[in-house]
Amino acid sequence: MRTILKSFLILMILTEAMCQSKRDKKMKKRVPGRNRKSQHPIKDGYVVIGQVPSFPLSSVGHPLFQTGDPTSVPQHNQRSPEDMKLHFVKNTLVTCNDGTTAGYYLREAKGSKRWIIFLEGGWCCYSKETCDFRYKNARRLMSSSEWPPTRKGSGVLSPKQHENPHWWNLNAVFVPYCSSDVWSGNVSKSHNDYAFMGSIIIQEVIRDLVPKGIKHAKVIILAGSSAGGTGVLVNVDRVATLMEELTADTVQVRGLVDSGWFIEPKKRQQSDCLDGTACAVTDAIKNGLRLWNGILPEKCKQQYTSEDEWQCFYGPKLYTSMKSPIFVVQWLYDEEQLRIENIQPEFQSMNVNQWNNIQNIGQELKKSLHNIPAVFAPACFSHTLITKSNWLEFQVQSVSLARALHCWEKSLQEKKGQKAGTRACSFHLIDTCEWPHCNPTCPAIHNRVSGKEIDMLQMVLRLGIDNQGKGQSKGELSRLMAMLRNGG
């Protein structure tokens, strides 16, 4: 055993040295961004204005109810021709929760017949109490009254080729989330305390884009993160049907689902949901679906009774009835999926049982993605990816997400004799290592109190030593050492 531990410690030191070298190189590349002067906080190298803090858990009853939405596009003070400009939909009856007119941000790419339409995320509200609280504390997610006139795009919405190698020159549309209904609602304010028109907003935005040229599109990518990613699953086939009605030309409608592929919790949380604020996620969706008069895909609904239609919000349940091609981007240890399972990782005090529960959830997520043709699933703790400024840094099996998306698009081109995928161009990418955060490109994890970066290898070593009394240490450490030798 001493020999094993000694070998492991040497490996750990060497791995940490290699990781530090990589981090140093990345930091050097980011120096220009760090030198920018701003009165606003900087996140991921971008200035963030008007960021809303997360709700305290005790106030809302469920940790997914967050308003500091990670999918929001960072803002700058100075406007640029590359900015996306705010437009309100012409039909003023299509509104946000509070009755203000819904809208979208648009950056046109003259001459391009390719479009990306991005749906913002930010959980939901599912009762008068939760909606009142949301309106008081996160009005931008329920009203268009304070939206800025422009937005800057990052990640897949960036207009800069070095930041967005394959999609930088698409017509880009950002649809702010102001309906609080996971993009499914169909009820106006005149019939309720709040309007819930998420599904209608998407349709109306596309109709408004007809004069802008979307009628002549060859490719439309409906993308979204978190609740916006789930919104893609719920709406992509309806968007495809609408485009068939609007144009005689052939248009390919595709879905890009980022961190919206949720699986049903293994353990149902007990909640009576009597006061409207203490619902477990499944009960929240059930209540919300009734409140929103939610529109779900008919083929999925046909698989369930009216009481069980809420299951169509979970990716694996919905996917089997979908027609449009989709690409799923999903962290295997998605932070919001863990919260659904009532797990909030505290790495400094992690015990073996918690670690094993997290591993099991990752395995279930991995299993749910096995038959999805196009997927990018790093074995990391995180949430959302495609609009982050550092989205190009992450890899699965030495392939970046940008490369995988490009390969996926090539596979969908209507060329006779072209194969769907080759070894040189892969887009079914799921990490094979079994340990949480084992991918060497995973984002750093920081201690919530001290802010210091957590050394995952040291933590796993501690857990391995803790296992010694249970007679499990040797096997577990051997697996980890083999994983390190194989580069994750």
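Miscellaneous remarks
- Unique residue being at pLDDT below 70 and over 20 Å from TRP331 (Cα atoms) when the list is LYS452, LYS474: LYS474
- Residue match in segment 414-427 (condition: at pLDDT 90 or above, part of a loop (DSSP other than H, G, I, E, B) and surrounded by 20 or more Cβ atoms within 10 Å (Cβ to Cβ)): yes
- Scanning segment 368-384 for residues that are part of a strand (DSSP E or B) and among the hydrophobic types (A, V, I, L, M, F, W, C) turns up VAL375, PHE376, ALA377, PHE381.
- Per the listing LYS113, LYS128, the residue uniquely of a type in the set (Lys, Arg), under 16 Å from ALA284 (Cβ atoms) and open to solvent by 30 Å² or more (accessible area, probe 1.4 Å) is LYS128.
- Of all residues in segment 188-208, those that are touching a helix residue (DSSP H, G or I) at 6+ places or on another chain (Cβ under 8 Å) and modelled with pLDDT of 95 or more total 9.
- Residue tally, condition over 19 Å from the mean Cα position of the chain (by Cα), closer than 27 Å to HIS406 by Cα and open to solvent by 40 Å² or more (accessible area, probe 1.4 Å), over segment 305-341: 2
- Check on LYS110, in a loop (DSSP other than H, G, I, E, B) and without any contact (Cβ under 8 Å) to a residue 12 or more places away in the chain: yes
- Residue count, segment 209-235 (criterion: surrounded by fewer than 19 Cβ atoms within 10 Å (Cβ to Cβ) and not aliphatic (A, V, I, L, M)): 6
- Qualifying positions in segment 112-132 - in contact with a Gly (Cβ under 7 Å, 6 or more places away or on another chain) and of a type outside the set (A, V, I, L, M): PHE118, GLU120, GLY121, CYS124, TYR126, SER127, LYS128, GLU129, THR130
- Conditions (1) assigned to a strand (DSSP E or B); (2) without any contact (Cβ under 8 Å) to a residue 12 or more places away in the chain: number failed by GLU244: (1)
- Residues being surrounded by fewer than 16 Cβ atoms within 10 Å (Cβ to Cβ), charged (D, E, K, R) and part of a loop (DSSP other than H, G, I, E, B) - total across segment 135-193: 3
- Highlighted here are the helices (runs of 4 or more DSSP H) found entirely within segment 248-360 that include at least 2 residues which are small (Gly, Ala, Ser) and modelled with pLDDT of 85 or more: 281-292.
The values are calculated or read from the model by the stated rules, or taken from the named source; none is laboratory data. Since the model is a prediction, treat every value here as computed from it, not as a measurement. So basically every Cβ, Gly included, is an ideal-geometry build from the backbone, and we count neighbours across all protein chains shown. Surface accessibility is based on the protein's heavy atoms, side chains included, excluding ligands, DNA and RNA. Shrake-Rupley method; radii C 1.70, N 1.55, O 1.52, S 1.80 Å.
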